Amino acid sequence: MVEMKRFLFVLTVFVLVSATSVAVKADFPSKPIKIIVHTKPGGAVDLMARQLAQVASKYCDQPLVVINKPGGSGLLALANVYKSKPDGHTLLAFPAAFLAPIQTTDIGFDIDSFYYIACMTISPEVIITNIDSDIVTMEQILEHAKANPGVQKWCGPGSGSLDHLMGVKIWDKADISVKWIPYSGGGPAIVSVMGKHNDVYIGNPEDILGRESKLTIAAVSSKERLPNFPGTPTFSEFGIDLTDDVMWRGFAVQKDTPSETVEYLEDLLWKCSQDSLWLSYVEKTMVQGVFMRNDEFTEMVIRDAQSAQKYLKMAGFELGSVPETAPLPVLFFFALMAALLAALFIITKRKQTGLTGTLLIAATGLALAVLFYYISLYFPAPRKGTFVGAATVPQFWAVFMSAMAVLILWNNIRTVPEGGKPAGRVRLVVMTIAITAVYTVLMPLAGFFPATLFLLAGGMLVLGYRKYLVMVTAIVIVMLFMYFIFSRLLMVPLPAGILF
């Protein structure tokens, strides 16, 4: 009887656990699955993600939606998935290009923070030249580089990127010295080679698609010559030991995602990898279609990450360094505030006027702006090869607000006659500070440009400006100026805002 009760108890527990597991699987996905991509629409990773979303619609009841989160060399996309709810509804398109930024920036997570579901494509690294150039073949590249150290110009997307590290490996193993010219993306870089502004582009075979009349592949990182490019030699044919350097692309989720959900996603990706539409995409883009499950994919990620560390150091990057924090910011603020008040007291004493609310509030605003600039000095430095970083936009606004505060102080002190009473403009200053406070709150919610639009329009209205046509024109000009300077020229990863 006792044994029967035990058997029934075990059987009941088994049934409950099984029912729960089935319920979890049945409940997923309960809403559209987001695929987070770190590039703008049109990049190789973006095209892969969109192709997957299209194919997956055959096998998944919920749609897969591609969300582009460009910025920070992929850190914005990584952070978005890392901070998402680990329920499998947020998928990360994870390329080998992530290995450099995730290892050179202290961002609160690392390679081990993700579960690597499957790698679906690989593409060997190659070097590409202009057919009409004087330096076309690998023999010519090596001969010219050794005869003219530091003259050849090689290019690719970014500094510390996979392609840049591939270049560092080639230069090290071939014992040559060249210049690295980083670009904001692969497109502009390869166009520069087509225009003969640079000599060599580092990328993948698919990069010359549609450009075969202008570009050629000088060498490929593989054990054997590629079937699609039988005339292209491998690096090993020149004594350069590079046979397995590839750009792999796969998908990952937050590490704490339930195992049942991971199994569903793995099965979904497997079905997509065998679909005729996916196979057609692979053939068309000349990448190699693969399906590496978690164990094999994770092993490759760790191996390539360790390999990248050596060449990141050779390229001048620091690994895993924790950024400093500004020392004693509160003490700094009060010391600065005391100095400003002392200066204002002396000035107003000499003019035989008194301190007003306007002067006090403007002085406080100046102290806060300087404090903000002081703190931003300890933000992470710009990545090697670039001159903008995390502190660029904060410092710009700190300088702007400092200038505004100084202007208010100067006008109030200068326009008051000796022995006179300063004009009270406390309301104006309070409204200005209020608008700035709203702007600060609005920035992470709505993003840089909507928040800045509010700041400019609100500031003009507070100042009493009512020529609306002129006001709109001025705002449009300023917004366009900031867009081209920050987004296009400096390529600063501006806040996009969680609402959008």
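The values are calculated or read from the model by the stated rules, or taken from the named source; none is laboratory data. This one's a predicted model, so the numbers in the text were calculated from it and none came from an experiment. Cβ placement follows ideal geometry from the backbone for every residue including glycine, while neighbour counts extend to all protein chains displayed. SASA here: full protein model, heavy atoms, side chains in, ligands and nucleic acids out. Shrake-Rupley method; radii C 1.70, N 1.55, O 1.52, S 1.80 Å.
Please go through segment 435-454 and pick out each residue that is under 16 Å from Met482 (Cα atoms) and open to solvent by 20 Å² or more (accessible area, probe 1.4 Å). Result: Met443, Phe449, Pro450, Leu453, Phe454. Scanning segment 290-314 for residues that are open to solvent by 70 Å² or more (accessible area, probe 1.4 Å) and more than 24 Å from Gly167 (Cα to Cα) turns up Arg293, Asp295, Glu296. For segment 262-287, give me the residue count where each residue is at pLDDT below 95 and surrounded by 15 or more Cβ atoms within 10 Å (Cβ to Cβ). Residues meeting the conditions: 5.
Screening the candidates Thr129, Thr137 for the property of being in contact (Cβ under 8 Å) with a residue 40 or more places away in the chain, surrounded by fewer than 16 Cβ atoms within 10 Å (Cβ to Cβ) and on the phi < 0 side of the Ramachandran plot yields one hit, Thr137. If you go through segment 140-151 and pick out every residue that is closer than 18 Å to Ala315 by Cα and modelled with pLDDT of 95 or more, you end up with 0.
State the number of residues belonging to segment 233-261 that are over 23 Å from Arg50 (Cβ atoms), outside any loop (DSSP other than H, G, I, E, B) and either open to solvent by 20 Å² or more (accessible area, probe 1.4 Å) or among the β-branched types (Val, Ile, Thr) (or both). Can you show your working first?
Step one: of segment 233-261, the residues over 23 Å from Arg50 (Cβ atoms) are 233-245, 255-256, 258-260.
Among the residues that remain, those that are also outside any loop (DSSP other than H, G, I, E, B) are: 234-238, 259-260.
Add one more test, that the residue is either open to solvent by 20 Å² or more (accessible area, probe 1.4 Å) or among the β-branched types (Val, Ile, Thr) (or both), and what stays is 234, 236-238, 259-260.
Summing the residues that are over 23 Å from Arg50 (Cβ atoms), outside any loop (DSSP other than H, G, I, E, B) and either open to solvent by 20 Å² or more (accessible area, probe 1.4 Å) or among the β-branched types (Val, Ile, Thr) (or both) in segment 233-261 gives 6.
Listed conditions (1) under 18 Å from Leu268 (Cβ atoms); (2) under 14 Å from the mean Cα position of the chain (by Cα); (3) without any contact (Cβ under 8 Å) to a residue 40 or more places away in the chain are all met by Val65, apart from (2).
Condition check ((1) at pLDDT 70 or above; (2) open to solvent by 60 Å² or more (accessible area, probe 1.4 Å)) across all residues:
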residue	(1), (2)
Lys349	yes, yes
Leu355	no, yes
Met401	yes, no
Ile408	yes, no
Asn412	yes, no
